[in-house]
Every structure is written in structure tokens, then in C-alpha cells.
Amino acid sequence: MNMVSGNWLDVGAAADVPVRGARVVKSPMGDIAVFKAADGSLFALRDQCPHKGGPLSQGIVHGHAVTCPLHNWVISLIDGEAQGADKGCTPKIPLKVEAGRILLSAEAIARLAA
Amino acid sequence: MSQQKLVVIGNGMAPGRALEKLFETSPGLYDVTIFNAEPRVNYDRILLSPVLSGEKAYEDIIIHGDDWYSAHGVTLHKGAKVTTIDRAAKTVTSETGITAPYDKLIIATGSQPFIIPVPGANLAGVLTYRDLDDVHAMLLAAKSGGRAVVIGGGLLGLEAAAGLKEQGMDVTVLHLMPHLMERQLDSAAGYLLQRAVEQRGIQVMCKANTHAIEGETRVTGVRLDDGTVLPADLVVMAVGIRPNAGLAKEAGLGVNRGIVVTPDMRTSDPDIFALGECAEASGQVFGLVAPLYEMAHVVASQLAGKTDAAFSPSATATKLKVTGMDLYSAGDFADGPDREEIVLRDPVRGQYRRLVLKDNRVIGAVIYGDTADGPWFFDLIKRGTDISGMRSTLIFGQGYQGGSALDPMAAVAALPDEAEICGCNGVCKGKITATIAEKGLTTLDAVRAHTKASASCGSCTGLVENVIKLSLGESYNPAAVTPMCGCTDLGHDDVRRLIVAKKLKSIPALMQELGWKTSCGCAKCRPALNYYLICDWPGEYEDDSQSRFINERVHANIQKNGTYSVVPRMWGGITSARELRAIADVVDKFNIPTVKVTGGQRIDMLGVKKEDLPAVWADLNKAGMISGAAYAKGLRTVKTCVGTDWCRFGTQDSTGLGVKIEKFMWGSWTPAKLKLAVSGCPRNCAEATCKDIGVICVDSGYEIHFAGAAGLDIHGTQVLGHAKTEEETIEIIAALTQLYREQGRYLERIYKWAKRVGAPSIKAAVIDDLARRRALHDRFVESQTYAQVDPWEERVNGKDAHEFAAMAELRLPQAAE
């Protein structure tokens, strides 16, 4: 069902992700979280906090960051880096929007397996 | 590589610091389990004296709250005293029967107060001064007034004496030596101190040797060697401490006075460390926090694999923490043939300074009176500075070196970067200024969080503030209200006031009007604002689900592995065969791994997959069950006992009243969770006296209690008032809840709110002022008309469907060609 254009995978419509919220894309490499910030910009990260593996898709989105629901680590949506005094990083998946559709980098998803 | 298991015996300040350091440098390296003989989290023992004198509360002195342990995946066994270490099997076992395996073990059993072996030492009313339980016992004893005798005129004894005096007791201090605090003070400073203590109305007797403690079952007096008998209702022994090394000794480890450790803090078993007051290093045991924290750093480094870290005891400084008595001593100030001294004495002004010099270097300092120069002298001691160039003005302090004025700011400015500001935590000026610049810190709290400066005993707070002022200039305003979060300068109370005054009815409007500094807030302020708006504009404000914590957004409790738990309401704890059958069917149908009875008299199904939640709820709804809101900052449970229905002691229908209250109050949102209980008689089987709100039924009606706690803190409830009928009871409870809803700060439990605003103001509003009670009750009822919608049913019917379904399921990318 996933439309492939080049190296990009179509995972759904941009409108399907709630503003200041997230949706989950399931993949054989583990869940991916697709976030939409208040300004409408979209981001994708592996759905796993670098701290204890909490599902970032379930956190509160603020600015270009998300707060993990398990222990309140704040993770940047831009690069997956933990903010403040915490240290850690979750892989970022390149994302683009074309004609209202969200496309994720197939190559980056494949790399999640490693 | 799998995590190694680290077990810690003891949960005091030293192991707390070691773990903090370990998590900071090597997160995830160890799976940590702590056994704590005390039934609580890690708190700051140095600050017990302000708790005794009433200047601080227990909540103010917690170092690591429960969330710290969960955030670092630490298993904390509270109230579990370890009784055996099996070094062959590498396990420890507690009195409560818990056994835990270890790869590395830290023994941090601390010390116990020394009890003078005199007749009567075990009588009721004879206490020691060591932990929070001792403080509580002293506060209880002080309530009835009377006479207290404190044995021991050292730091702890004097702090205990001042605290008991502050609590209204008639206090005498007995001290064996010729002057007070002889380990820290010379005789002249000891005399000045004694005079200051006596001026507070505390009697001091030096060279007083206790012969016996008198009394039949309770203490009635203290008899001295010379035959004098001092009447006493309370005796506090504060004569010193002894390392707790018994457990280590039984395990066959090398023990002398304390548990013997090498400079790498290892005991005679290389996998076992000893840390804190129980450890003996270089033939010394330690009781002050600074060297204990140094030990903690060494243990953390060793655990992280830095094998060259070593503990070497250095000079320490002491400050007496009694408000209004300023005393500072550091280093070594004994007389000696190769030592010289410089003394400044001004008895009328109560000023005394003595510096002990050796080879043109300061090795000891005692200051009484104006102690502001203490840290500067301590710095000279630690650095071994040659003072020949400033010898003639040295005693006057830093302000007189180089002719600068006695301005405290100038004094701080003149300090070198290496000068120690916080002795407890070993933080120097340079570390504070660098951290302020690097992290953009602007508040004392932030500086404490990042550097730990002034985060222990707090006596250097003024200095730390001066360093912050120096770094930030006039923009630093220490008196300011604590802001809600980094997104605003406004505190919770100001925000609540402005929401009403400016009629702010949405989060964007509020952020615009109140000048929020971030585009859309953060995870701290958004849930708070969402609650405030719901509370203040019922029916008008539209709930913002994206500003709710996940549990309230999906109406279930997230678990550590990302699954959820589901708890249906059981009104007053009553259930039926039909409900139980439906629960059993759901468990089978959805393969739910764990079913557990909760503390709130209901049933928890744990391990439900998120996508199954709506289907689980649909089945529960069919059997008539709705959400139990076990995830909500809102009404949770109303526990009941069986009351007059069944119980031969019951005085009222407690079950029926509990069900009525729960049916009336379910669905309401409150600043923090709200748990209730109704007991049918004063035997209190529903445990109503540790709830946020509790009812005790009596023959004449209903006693209404509030502000209890049985979690992080344990507090018995206070009595709010008495009601004659069920209707009156419900009206008072609704009014109380509404007042809490309107005044409480987000996440502030009812007992903290009551403490902040004062119980009398609450009683006045909901008991004494009938008109105000009715108005509050009516506002609660109004708000309930919008709140009582079962969130499960809404979602079964399709609301927020996107929450429960994946947006897409990808196949293997390779196969997608």
C-alpha cells in the first residue's frame, strides 16, 4: 500500500497528524513517530527516547521539541538530541511533504535496523 | 553488554551524591537497587535543625523525590533494613525478606548516635538526634511544653537545644568539657557562644557529667555526678556518633572503628565499597558532609572505571546552623610550639576572630560574630597561601587587603575563581560563574540544580547570590516569585488571577496577553494552563487534548513498556458478579497479562496495547462500567467500609454515602489527584484519615477530615468540621473541593495547598461562612454538568480515533519496488 517514489516512502497525509501532536508509523525496524509542531512543520524520529526507550509519539509537543511521557526528557524534533542537562540522541528520519503527502526516507528507515 | 547490578545499603546523602555523580557521568551503566532502613526518600540531614525549629518543613529538605528514583530506573526498598550480606553468593537480604544479587555493593549504613551507658538511658522520653523520626518525636514532646535537658554541647546538641527552645520548652544543655563545641572552638569563642546561647534563655552547664537518668517508666530528671538533679520531661542525647559497621563485620569485612577502606574506597572485598559515616579512611571516620561528598565522588568514579580516583581527607569548615548565632571554624586550631596566632577580640560587640598560623600560612580559623570572611580564610587554608605580605591586616578580613571597601559584592568580586563558595558540595566560584554563562542561568534554583552550590545546608546562599549578582548585574532579582516555568516570569497564582481578571479563555490568548516567551509553552506550563482554563471557564473553554499528559489524553495509564493499564470505576469499592465476569472476559479476549487489585478498592488490568483500548472499553461499557479516571488529576476513588449494612460496629451507612459522593464527584478535574474515603466508625477501616478528604461516621453524624497524605509524605488528616446529615456532608466536601480547585496550583496536593494557604482560611470559607460554602458548592455543581461525560464511551464512539491507530504500516523497504 505504501507509495514509493524514488527513495521516499509515502506514509500518509500531512493533515492526518494533529497540530502539536504525533502519529505512529509502524515499520519492521520499529515504530517511527511523525510530529507536527504548532507552526505546521513536520518531523520524524525513531519512536524511542534515548533515555529508557519511552514512546516519544505519546509526549507533549512544544516548540520544535517533545517531552517524553515516561521521565520528562525533552528531545529536539530537529535533530533528535536530548535538551538541557540530559545527554542522548534518537535517530532522525528525513521527511518531506509533496502535494500534501508525507514522505519518509526509506534509506534512513532501513538504517534503523542497525 | 548487559547492565551490572549495583546494590546500595543505605539511602543517606553520601550514597545519594555518589549515584547522582554516577548517573551524570555513566548513565545506564548499572541497574541500581537501594535498601533504605528508613521508610522514606533521601533527605538533607544537615537541615533537620531548621525542621525542628519550625523554619522548614520535611518537603523542603527532600534531596531526591520519588520521581528521581523512577527517572533513573532505581529500585528503592523503603523501610527495608539489610540484615545479611552473603559474599559468596553475592547477595544481600533484608529483614523484610527481600534478596537482591549484586555485582558491586556499596555499604552506606551511616552511623548511630552514641547512647551514654548510664542507668535510665532506655526510659521513655530519652531521645537521640539523628533522623526525621527523632525530630518528629521531639516536636511531639515539645507540644506539651515542659523541661528538656540536652546532653552534649556540640553542633548537634546546640542545634537541638535552640530548636526545642523555639518550640516553647524550658531547655538546659549539659556539656562534659569546660567549654561548648570544644572540637571546633577555642575556649574564648566557646565562652562567647555560651553567652549567646544563654541570652536566648537556654541554660548551659559545662563540666557536667551525667550520673543517671531518673524515672520509673518515663524520664523525670537527670542526676549529675555532684548530686544535682535537674527535672526533665525530655532528654536528648547528642554526645556523638558511632559508625554502623556491624553488618560489614558480620560479613567478614575488615572493621576497625568504622569499615576500613583503602583510598579507592574499597573494603577488604574489592567488589564492596563503604561510603559515608560508616567508613574509616586513613584511620579517621568523618561526620561532616564535605569529606563524605568527596568520598561519594571517588566511589562514583571507581564504579565508572576510573581506577585512579582516590580519597584524601582535607581541611574542613563548620558552621553552626542556628539562626542568629554566627560561628565559623575551619582547619586545625590547637595550640602548639611551632604555631603562632592572631586574635581579634571585641566582647561588647560579640566579635571574636582567631587565626592559627604556621610557617606564614593560615592553618586554622575560628570566627564568632561576623562570619562573612570565613570562606576567605578557609580558602587561604586550603591553598596554603603565604600571608607574610598582608599579615598586619589579615585578621580584619578580605575587605582590608588592598584597601578596598567592605562591600560584600566587592569582596566576592575579589575572590579568585578557585575560591570555594559551597563547602558542603565543594563548589568554587569559577564553576558557578562558568555554569551561569554557559547555561544562561538566571535564578538561584537553576544555579543550585546545575552546580549544587548552596543546595545542601544552604548557609552559603548569600554568597552564591552575590556571585549570581556579580555575573548577571541588576537583572538578577532574588525576591521574585518562582515562575511557572521557563516560558514566563509569572508565578502560578498570578497566572490564575490574570485568567479571571482579563477573561482569558484559551491557551493562545493567554500566551499572547501574558507575554509567553516561547511559541507554544512547554510540557510544564501547558497542562497547568489547560487545567486552570477548564476550572475557571466550565462549559466555555474547549479542552486542549494536546496540552494534556498522555494518560489524560488517552484515558489510561502508560506503563514502562509503552502499554497501558485500564481501571474501571467501582462505586465505593462495590462490584458484582456481572462486572467481574465482564472484566474476566475482557482479560481473556485481549490477552491482558496482569490483573491486580488496587489500593483504591478496584481492579487494574495492566499491559493493554494502545490499539486495543477502545475495544476493551466498549466491552466494559456494555457491562455498565465507566472510566475510573485512575490516570487523572481529578477525582480518583472513594474507599468505603461496609458500615451499618453489615458491620456490628457501624454507626452510619458509610458504603452508601461513599457511593453517593463518588457518583456526585466523578469526572471533576482538580489540581492534583483527589482520593477520598468514608469510614463507618472511628475504627476507620477505610483509612479515611490519610486521604485528601475523609469522612469518619460517628453516632451524632459525620466528621469531615482533609489534607491527609500517604504517599511521598505521610500526614494524618486534620478535622475540617462536623456535619449532621449526609446532605450537609456532601455540601461541605463539594465546597472544599471547589475551593481547592480554584486556589490550588497545578500538581499541588490538597495537603500542600492547605499548608500554603492555612487551614483556618479553608475552615472559614467552607464551614463558618454558610453563604460562601453554598456559592462554592453551586460552582462545583455547575462545573460537574459539563464534566460528567464518560471519556471511554466518547472514544468507543470514535472521538480521537487517530490516537489509537497507526498512520501507516510499512513493509520492508526492499520489498517495496
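The values are calculated or read from the model by the stated rules, or taken from the named source; none is laboratory data. Note that the structure is a prediction, hence the values are computed from the model and not measured. Here Cβ is always computed from backbone atoms with ideal geometry, including for glycine, and neighbour counts include all displayed protein chains.
Within the range B:438-471, restricting attention to residues that are among the small types (Gly, Ala, Ser) and either touching a helix residue (DSSP H, G or I) at 6+ places or on another chain (Cβ under 7 Å) or buried (at least 19 other Cβ atoms within 10 Å of the Cβ) (or both), the residue that is farthest from B:PHE286 (Cα to Cα) is B:SER471.
The condition of being within 16 Å of A:ALA106 (Cα to Cα) and either more than 9 Å from every other protein chain (Cβ to nearest Cβ) or modelled with pLDDT of 95 or more (or both) holds for A:SER5. Do we find that A:LEU77 is within 24 Å of B:CYS525 (Cα to Cα) and modelled with pLDDT of 95 or more in this structure? Yes: the conditions hold for A:LEU77. Count of the range A:33-50 residues, restricted to those that are farther than 19 Å from B:CYS525 by Cβ and at the interface with chain B (Cβ under 8 Å from one of its Cβ atoms), is 1.
Select the strands (runs of 3 or more DSSP E) contained entirely in the range B:53-99, then report the ones holding at least 1 residues which are exposed (fewer than 14 other Cβ atoms within 10 Å of the Cβ) and in contact with a strand residue (DSSP E or B) (Cβ under 9 Å, 6 or more places away or on another chain).
B:82-86
Is it the case that some residue within the range B:449-465 is touching a Ser or Thr at 6+ places or on another chain (Cβ under 7 Å), outside the structural domain of B:HIS64 (by TED's automatic domain parsing), closer than 20 Å to B:ASP326 by Cβ and part of a helix (DSSP H, G or I)? Within the range B:449-465, one or more residues are touching a Ser or Thr at 6+ places or on another chain (Cβ under 7 Å), outside the structural domain of B:HIS64 (by TED's automatic domain parsing), closer than 20 Å to B:ASP326 by Cβ and part of a helix (DSSP H, G or I).
Inside the range A:34-65, can you point out the residues that are hydrophobic (A, V, I, L, M, F, W, C), out of contact with any Cys (no Cβ under 9 Å at 6 or more places or on another chain) and free of Cβ contacts under 8 Å to residues at least 60 places away in the same chain? Result: A:PHE35, A:PHE43, A:LEU45. Residues in the range A:83-110 that are facing another protein chain (nearest Cβ under 10 Å), of a type outside the set (A, V, I, L, M, F, W, C) and without any contact (Cβ under 8 Å) to a residue 40 or more places away in the chain were compared, and the one that is nearest to A:LEU9 (Cα to Cα) is A:GLY88.
Select from the range A:11-32 the residues that are under 10 Å from the mean Cα position of the chain (by Cα) and either facing chain B (nearest Cβ under 7 Å) or farther than 25 Å from B:ILE507 by Cβ (or both) and list them in ascending order. Spell out the reasoning first.
Kept after step one, since they are under 10 Å from the mean Cα position of the chain (by Cα), are these residues of the range A:11-32: A:22-25, A:31-32.
Answer for the range A:11-32, where residues must be under 10 Å from the mean Cα position of the chain (by Cα) and either facing chain B (nearest Cβ under 7 Å) or farther than 25 Å from B:ILE507 by Cβ (or both): A:ARG23, A:VAL24, A:VAL25, A:ASP31, A:ILE32.
When the range B:665-692 is filtered for residues that are surrounded by fewer than 23 Cβ atoms within 10 Å (Cβ to Cβ) and touching a His at 6+ places or on another chain (Cβ under 8 Å), the ones remaining, listed by number, are B:THR689, B:CYS690.
Meeting the requirement of 1 or more residues that are under 35 Å from the mean Cα position of the chain (by Cα) and of a type in the set (Gly, Ala, Ser), the strands (runs of 3 or more DSSP E) wholly within the range B:330-401 are B:361-368.
The number of residues in the range B:647-661 that are within 26 Å of B:ILE626 (Cβ to Cβ) and either surrounded by fewer than 24 Cβ atoms within 10 Å (Cβ to Cβ) or without any contact (Cβ under 8 Å) to a residue 24 or more places away in the chain (or both) comes to 5.
Taken over the range B:219-230, the criterion of being in a strand (DSSP E or B) and over 36 Å from the mean Cα position of the chain (by Cα) is satisfied by B:ARG223, B:LEU224, B:VAL229, B:LEU230. Mind checking whether some residue in the range B:520-530 is farther than 19 Å from B:GLN788 by Cα and more than 10 Å from chain A (Cβ to nearest Cβ)? Among the residues of the range B:520-530, at least one is farther than 19 Å from B:GLN788 by Cα and more than 10 Å from chain A (Cβ to nearest Cβ), which makes the answer yes. Quick one: count up the residues across the range B:279-304 that are surrounded by fewer than 20 Cβ atoms within 10 Å (Cβ to Cβ) and either in a loop (DSSP other than H, G, I, E, B) or not assigned by TED's automatic domain parsing to the domain that holds B:ILE259 (or both). The number of residues fulfilling the criteria is 5.
Selection of first residues in the range B:62-83 that are at negative phi and away from chain A (no Cβ under 12 Å) and of second residues that are part of a helix (DSSP H, G or I) and buried (at least 18 other Cβ atoms within 10 Å of the Cβ), restricted to Cβ pairs under 7 Å at least 6 apart or on distinct chains, gives the following pairs, ordered by first then second residue: B:ILE63/B:MET13; B:ILE63/B:GLY16; B:HIS64/B:GLY16; B:LEU76/B:TYR69; B:VAL82/B:LEU247. Among the candidates B:ASN557, B:ASN561, the residue that is surrounded by fewer than 20 Cβ atoms within 10 Å (Cβ to Cβ), within 23 Å of B:HIS802 (Cβ to Cβ) and at the interface with chain A (Cβ under 10 Å from one of its Cβ atoms) is uniquely B:ASN561. When the range B:505-519 is limited to residues that are hydroxyl-bearing (Ser, Thr, Tyr) and within 10 Å of another protein chain (Cβ to nearest Cβ), the one that is nearest to the chain's Cα centre (by Cα) turns out to be B:THR518. Filtering the range B:644-688 to residues that are touching a Cys at 6+ places or on another chain (Cβ under 7 Å) and closer than 30 Å to B:ASN530 by Cβ leaves only B:TRP669. Residues in the range B:6-49 that are buried (at least 19 other Cβ atoms within 10 Å of the Cβ) and on the phi > 0 side of the Ramachandran plot: B:GLY10 only. Looking across B:ASP264, B:ASP271, B:ASP308, one residue alone is outside the structural domain of B:ILE85 (by TED's automatic domain parsing) and of a type in the set (Asp, Glu). It is B:ASP308.
For the range B:693-707, the count of residues that are touching a His at 6+ places or on another chain (Cβ under 8 Å), over 30 Å from B:PRO538 (Cα atoms) and in a loop (DSSP other than H, G, I, E, B) is nonzero.
Restricting the range B:691-723 to residues that are within 31 Å of the chain's Cα centre (by Cα) and among the small types (Gly, Ala, Ser), the residue that is modelled with the lowest pLDDT is B:GLY711.
Going by the structure shown, is B:ALA582 among the hydrophobic types (A, V, I, L, M, F, W, C), within 14 Å of chain A (Cβ to nearest Cβ) and in a helix (DSSP H, G or I)?
So B:ALA582 fails the test.
Figure legend. Inter-residue proximity from the range B:573-589: first residues within 20 Å of B:TRP666 (Cβ to Cβ), second residues of a type in the set (S, T, N, Q), beta-carbon distance below 7 Å, spacing 6+ or different chains. Indicated pairs: B:GLY573/B:GLN601; B:GLY573/B:THR640; B:ILE574/B:THR655.
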